[in-house]
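Each remark here refers to the structure printed beneath this line.
The values are calculated or read from the model by the stated rules, or taken from the named source; none is laboratory data. Nothing here was measured: the structure is a model prediction, and the numbers come from that model. A quick note on method: Cβ atoms are made from the backbone with ideal geometry, for glycine too, and the neighbour counts reach across all protein chains shown.
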Amino acid sequence: MESQLRRNKGFITLMTAQAISGLGDWLSIVAIITLVGLKWEATPMQMSFIILCLALPMALFGPIAGTVADKLERKSLMFLSDIIRGGLILLLTIADTLWVVYVCLFTIGIFSSIFIPAKNGKLKELIAGYNIKSAMSITSMIDSSTKVLGPLVSGILVSAFGTYPVFYIDSATFFLSALLILLLPKGVRESPDNKTNENKVISFIEELKVGIHFIKSSSFLIYGLFLLGVSLFILQLSDSQIIVLLRELTNVSPDLFGYTVTCSGLGMLVTGIYLSKRTEYNAYVFMSIGVLGIGLGFGCMAVLTYYDLLFSTIWVPSLGFLAGLSAGLVFIPFQAAAQEKTPIHMTGRVFGVINSTTTIATILGPLAGGWLATVLGIVPSFIVTSSLLIVLFIISILSKNRVSKEELNDTESKSRTQGAASS
């Protein structure tokens, strides 16, 4: 399967574009959080608004963007999104207040909400169904790799040249990604709905209902999306406040946040490599284990920060690695299984709903986290997050049998299909 993916020029081009723009994303995100969190000493709520401005557009426009990605040419949508986001990143070089940063990030989020379902749909166009799990693992590995390299390079560049040159580099990565997207083949629409109902005009709302109905028809998608959404909400209670927690440490280094994000990305990379080699697995079980790992990582980070343990440059990034490793077990199996279960003509609609659900969690989580940290304090808020994730792990284990029946049926169906093909 991997050799077939390596021979797929369209897939290689799409992955290269993703890697370049993804690297630039982490360059700017770490630079922004470092600038606002450490140099401008933003409050917990102000840090929450940073995440909110990126996430809110996805929640508001995610389902509509998914439907648009199914209707219009995905290549053109991705190209347009990259060009506009590259221009908006340049505006961050003139940012001198939080409000300028908020407006730029919110607008970037709007076009990211268009790019993501278009990219997922394009991936489905380029890859045969039996290769989709490997392709999704590779996609996640690229995301994780950029999360490793981006913060590391960003820390070096910020230390050497300051924050704003990083934004110029990030803008250039979007423009380069757009040029690569131009090399992709145009998509071929093979929607059964269009073939049988050529003259029927279906409204956006009706198409969204189709995507929701498809998700409801699968036990895994229902329970998996619930587990993903709730865990993401709980995770965001503290994830958006890590920079505030690090300020509690004695003599904290400005580079420590970058190191932590780098190790988190490295953890996700390790998970991606592991899952790319093992395509037959119970996705829901892996997701449950991942939830537990994130909870333990956050809990340990809070306790060790409270006691102001020495050698924070070692144990903070190490716990970041554990959190990233565990987060990969939550996100990668769900995304891969959802891609595998979704027909190509419905990818935009289904992933529009999925992205909207997860983004709502991403919106509410930082807001609740900022409030929680303000009311309880930063260390107790991390303890609360850890406890809630452990409780969610217990709930997921109790509901495992319902999901496992569907996974078992899918495995048996694949085995029968492969047996028939070989006979």
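Some notes on this structure:
- Residue 321 being aromatic (Phe, Trp, Tyr), crowded, with 22+ Cβ neighbours inside 10 Å and modelled with pLDDT of 90 or more: no
- The residue list 351, 311 contains one member that is aromatic (Phe, Trp, Tyr), crowded, with 16+ Cβ neighbours inside 10 Å and either more than 19 Å from residue 47 (Cβ to Cβ) or modelled with pLDDT of 90 or more (or both), which is 351.
- Qualifying positions in the range 11-57 - farther than 17 Å from residue 166 by Cα, polar (S, T, N, Q) and either at pLDDT below 75 or part of a helix (DSSP H, G or I) (or both): 13, 16, 18, 46, 48
- Top-ranked residue in the range 237-255 [being crowded, with 21+ Cβ neighbours inside 10 Å and in contact with a Ser or Thr (Cβ under 6 Å, 6 or more places away or on another chain); ranked as nearest to residue 360 (Cα to Cα)]: 237
- Candidate set: the range 264-282, residues that are at pLDDT 85 or above and crowded, with 21+ Cβ neighbours inside 10 Å; chosen: the one nearest to residue 308 (Cα to Cα): 267
- Filter result for residue 39 (more than 27 Å from residue 122 (Cα to Cα) and surrounded by fewer than 21 Cβ atoms within 10 Å (Cβ to Cβ)): yes
- Among the helices (runs of 4 or more DSSP H) confined to the range 98-212, the ones with at least 2 residues that are modelled with pLDDT of 70 or more are located at 98-126, 132-161, 164-181.
- Applying a threshold of 9 Å to beta carbon distances and a minimum spacing of six or more residues, or different chains, the list of pairs starting in the range 256-274 at a residue that is of a type in the set (Ser, Thr, Tyr) and ending at one that is outside any helix (DSSP H, G or I) reads 259/253.
- Which listed residue, of 328, 272, is out of contact with any strand residue (DSSP E or B) (no Cβ under 7 Å at 6 or more places or on another chain) and under 28 Å from residue 49 (Cβ atoms): 328
- When restricted to residues that are surrounded by 17 or more Cβ atoms within 10 Å (Cβ to Cβ) and not hydroxyl-bearing (Ser, Thr, Tyr), the range 91-118 contains 15.
- Residues considered: 61, 79. Of these, the only one that is without any contact (Cβ under 8 Å) to a residue 60 or more places away in the chain, buried (at least 19 other Cβ atoms within 10 Å of the Cβ) and touching a helix residue (DSSP H, G or I) at 6+ places or on another chain (Cβ under 7 Å) is 61.
- Residue 50 being β-branched (Val, Ile, Thr) and under 18 Å from the mean Cα position of the chain (by Cα): yes
- In the range 62-121, the residues that are closer than 14 Å to residue 174 by Cα and of a type in the set (S, T, N, Q): 81, 112
- Check on residue 38, of a type in the set (A, V, I, L, M, F, W, C) and in contact with an Asp or Glu (Cβ under 7 Å, 6 or more places away or on another chain): no
- Sole residue being over 28 Å from residue 369 (Cα atoms) and in contact with a helix residue (DSSP H, G or I) (Cβ under 6 Å, 6 or more places away or on another chain), chosen from 31, 95, 19: 19
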